[in-house]
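I'd like to ask you about the structure that follows.
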Amino acid sequence: MNRELAKFIDHTLLKADAMPGDVIQLCAEAREFGFASVCVNGGYVSLAVRELEGTGVATCSVVGFPLGAGASTSKAFEASEAVSHGASEIDMVLAVGRLLAGEEDYVREDIRSVVGASGGALVKVIVETCLLTDELKELACRLAEEAGASFVKTSTGFSSGGATVGDVYLMRRVVGDRLGVKASGGIRTREDAERMIAAGASRIGASASVAICSGD
């Protein structure tokens with residue numbers, strides 16, 4: 001078991017058919033391996049918090065997931081609800097269509113609304129890099145930083161592509177050491193995870209976390 005690598009990982013279950021028993025199993029695995037957090041949909045935050053009490057494993061909730069196209073007020077409410085039920089980390093999806101349309105102010109304020117509603121919880125902004133040019137990826141990172149986010153994140157894992165080493169490197173170059181960088185989407189092996197960390201990722205989102213960290 002690779003406990004050092006486990007500390008980088010958000011152990012993730014976001015499928016529509018995830019049942020309470022699956023979330024309980026997710027949390028049991030997080031306790032055993034010592035993952036950084038579990039990442040679940042908002043309806044399972046209370047359950048995850050209860051299962052992880054006293055373990056040091058954080059509970060992360062997604063917001064505006066997976067499209068990012070909801071109203072800012074809805075995203076803010078989601079974040080506030082998740083934090084009120086014990087989430088200490090929020091992974092929100094950036095308003096991708098607004099970014100593509102050149103609406104920088106909208107994107108910045110959308111992120112800011114979630115940061116403000118999160119009450120000090122760590123906020124990660126999912127950029128959905130597979131839908132963007134490099135120029136827009138850089139802009140998304142800058143807007144996330146201006147809005148007070150703590151991390152930028154590559155992908156939801158629900159679009160047309162996931163994390164790449166090149167995108168992680170780009171994001172780290174833009175945010176420097178001021179923000180965290182989370183690589184997520186398609187990371188299934190220890191080698192995948194290690195490549196992302198070498199490129200600058202400070203957190204890994206994965207559903208294959210047990211396989212990634214098993215063995216030595």
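The values are calculated or read from the model by the stated rules, or taken from the named source; none is laboratory data. Fair warning: this is a prediction, and the values are worked out from it, not measured in the lab. Virtual Cβ from ideal backbone geometry, glycine too; neighbours counted across all protein chains shown.
Those residues that are in a helix (DSSP H, G or I) and of a type outside the set (Asp, Glu), I need them from segment 83-107; list them, please.
Of everything in segment 83-107, those that are in a helix (DSSP H, G or I) and of a type outside the set (Asp, Glu) turn out to be Val83, Ser84, Val96, Gly97, Arg98, Leu99, Leu100, Tyr106, Val107.
Sticking with this one: Within segment 1-21, track down each residue that is free of Cβ contacts under 8 Å to residues at least 60 places away in the same chain and exposed (fewer than 13 other Cβ atoms within 10 Å of the Cβ).
Hits for segment 1-21 are Glu4, Lys15, Ala16, Asp17, Met19, Pro20, Gly21.
Please enumerate the residues belonging to segment 108-147 that are in contact (Cβ under 8 Å) with a residue 40 or more places away in the chain, farther than 23 Å from Gly166 by Cα and part of a helix (DSSP H, G or I).
Result: Ser113, Val114, Gly116, Ala117.
Residues in segment 52-62: is at least one within 17 Å of the chain's Cα centre (by Cα), assigned to a loop (DSSP other than H, G, I, E, B) and small (Gly, Ala, Ser)?
The answer is no; no qualifying residue exists.
Please determine, by comparing only the residues of segment 186-211 that are under 22 Å from Ser160 (Cβ atoms) and in contact (Cβ under 8 Å) with a residue 60 or more places away in the chain, which one is surrounded by the most Cβ atoms within 10 Å (Cβ to Cβ).
Once the filter is applied, the top-ranked residue is Gly205.
Also, quick follow-up: Check off (1) buried (at least 24 other Cβ atoms within 10 Å of the Cβ); (2) in contact (Cβ under 8 Å) with a residue 40 or more places away in the chain for Val181 and give me the number that stays unchecked.
For Val181, the exception is condition (2).
Between residues in segment 91-104 that are within 14 Å of Cys130 (Cα to Cα) and among the β-branched types (Val, Ile, Thr) and residues that are modelled with pLDDT of 95 or more and assigned to a helix (DSSP H, G or I), which pairs lie under 6 Å by C-beta distance while being six or more apart or on different chains?
Val96/Leu131
Looking at (1) surrounded by 19 or more Cβ atoms within 10 Å (Cβ to Cβ); (2) assigned to a helix (DSSP H, G or I); (3) basic (Lys, Arg), which is the one condition that is false for Arg173?
For Arg173, the failing item is (1).
Out of the residues in segment 22-42 that are out of contact with any strand residue (DSSP E or B) (no Cβ under 7 Å at 6 or more places or on another chain) and hydrophobic (A, V, I, L, M, F, W, C), which is surrounded by the fewest Cβ atoms within 10 Å (Cβ to Cβ)?
Ala28
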